[in-house]
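What follows is a short report on a single structure.
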Amino acid sequence: MLAALTKVQWVIVGLAVAIGLAGLALMAVNVLAIIRPRPAGEQGPSQPLFGPPQQLTRRRFFGRLMNAGFGLSFTTGIGLSSLAFLWPSVSGGFGGRIRLPIDANEIKAQIRATKLPFYYAPGRFYLVEYDSSDDTSGLYTENSLVAGGLMALYQRCVHLGCRVPFCETSQWFECPCHGSKYNRAGEYRAGPAPRSLDRFPLEADADGFITVDTGIIETGPPRGTNTTGQDPEGAFCVDPNAATEAEEEH
Ligand code: FES
C-alpha cells in the first residue's frame, strides 16, 4: 500500500506523523509531571521536569491534566485520520478492489474496436488483452495476473513515475518523460526504465466481470522478459533517441 503513495501523499503522511509525535510529547511531558514520585516526607511540592522547583497547586495540576488530554486527543485524531487516509479505499477507488462495470467480453470488444487498451482512470490502470498461451513459464498465469484474457497494468512508469500513455501507431506503451517503451503486455523494450511495468492481480467472476485489486502492486518482470514477441507495429509516438539521451544522462 505504501509503495503506491504519491509524493504529495508522502508529504501529508510525514506532516501527520510529525504533528502526532508533537502531541505525544506534549502528553508525555504533562503525564510525567503529574505522576512523578515525590521525595519521601514531602507534602504537596513537586519538582518540575524543567525550571526551578514549583508547588503542584490544584490549578497547576488541572492545567497539566488539560495539556495531557489535549496531547492525547491531538495524537489520536492525527493517527486516526492518517489511517483513514492510508487505508485502501472500499468505494472502488485506487488502493482498493475495483469491480469493473462491464464484463470481460465487452472490454475486449472495446479494445479490439479502438485498438487501444481499456483505461480505467479511477484505478490508475490499463486493461490489455493477453493470450495465456504466450505465458509458457507461468509468469503471469500462476500469479493471478491474467483473468478473462486480460491483464491489469499500473499506469505509472517504473523509471520516475510519469503516466505512460499507449501509442496507437506503434501499439506499445511509450513514456513521454524519458522515452521508456513497453510492449502491449507492459514488458520492457527500451529506455531507462529498470524493468517492465508493474501490475495488479485481477479475477473474473462467474458472470465474466473483472475485479482488479489495486491494493497490491506486483513488481513488473525484469528487462529481457518478452512473452509476446510483439514488435512495434508502426511509427513511435516518442522519439526513440529520447531513450538514448536519457540513458546517457543517468
Ligand atoms: Fe518514464 Fe522516465 S519516467 S522514462
**OP:** Taking amide H positions as placed in the peptide plane 1.01 Å from N, state which residues far from Ile98 in sequence (5 or more) or on other chains have amide H under 5 Å from it.
**Re:** Val212, Asp213, Thr214
Original post:
Can you pull the Kirkwood radius for segment 97-249, inverse mean 1/r over Cα pairs, to one decimal in Å?
Top reply: 15.5
Original post:
Quick one: Asp205, Asp198, fewest Cβ neighbours within 10 Å first, how do they rank?
Top reply: Asp205, Asp198
**OP:** Determine ³J(HN,Hα), in whole Hz, for all residues of segment 167-182 in sequence, where each value follows from phi through the Karplus function 6.51 cos²θ - 1.76 cosθ + 1.60 and θ = phi - 60°; x replaces Gly and Pro.
**Re:** 8, 5, 7, 6, 6, 10, 7, 10, 7, x, 6, 9, x, 5, 10, 9
Subject >> Calculated from backbone phi, Karplus (6.51, -1.76, 1.60) coupling profile of segment 156-165 in Hz, x at Gly/Pro >> reply: 7, 5, 7, 7, 10, x, 5, 6, 9, x
**OP:** Kindly write out, for segment 211-221 in residue order, the coupling ³J(HN,Hα) from the Karplus curve 6.51 cos²θ - 1.76 cosθ + 1.60 (θ = phi - 60°), rounded to whole Hz, with x marking Gly and Pro.
**Re:** 10, 10, 9, 7, x, 10, 9, 8, 4, x, x
**OP:** Provide the gained length on full extension for the span Arg223 to Asp103, in nm with one decimal, where the gain is 0.36 nm per separating residue minus the Cα-Cα distance.
**Re:** 40.0 nm
Subject >> Residues with amide H under 5 Å from that of Gly191, placed H, sequence gap 5 or more >> reply: Lys181
Original post:
Can you sort Lys115, Lys181 by how many other beta carbons sit within 10 Å, fewest first?
Top reply: Lys115, Lys181
Original post:
Any idea how far apart Arg112 and Ala18 come out in nm if each label point goes 7 Å out from Cα toward Cβ?
Top reply: 5.5
**OP:** Would you order Cys237, Cys157 from fewest to most other beta-carbon atoms within 10 Å of each residue's own beta-carbon?
**Re:** Cys237, Cys157
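Throughout, read-outs are computed from the coordinates displayed, never taken from laboratory work. As the structure is a computational prediction, the values presented were derived from the model and not from experiment. Glycine gets a Cβ as well: all are built from the backbone with ideal geometry, and neighbour counts include every protein chain shown.
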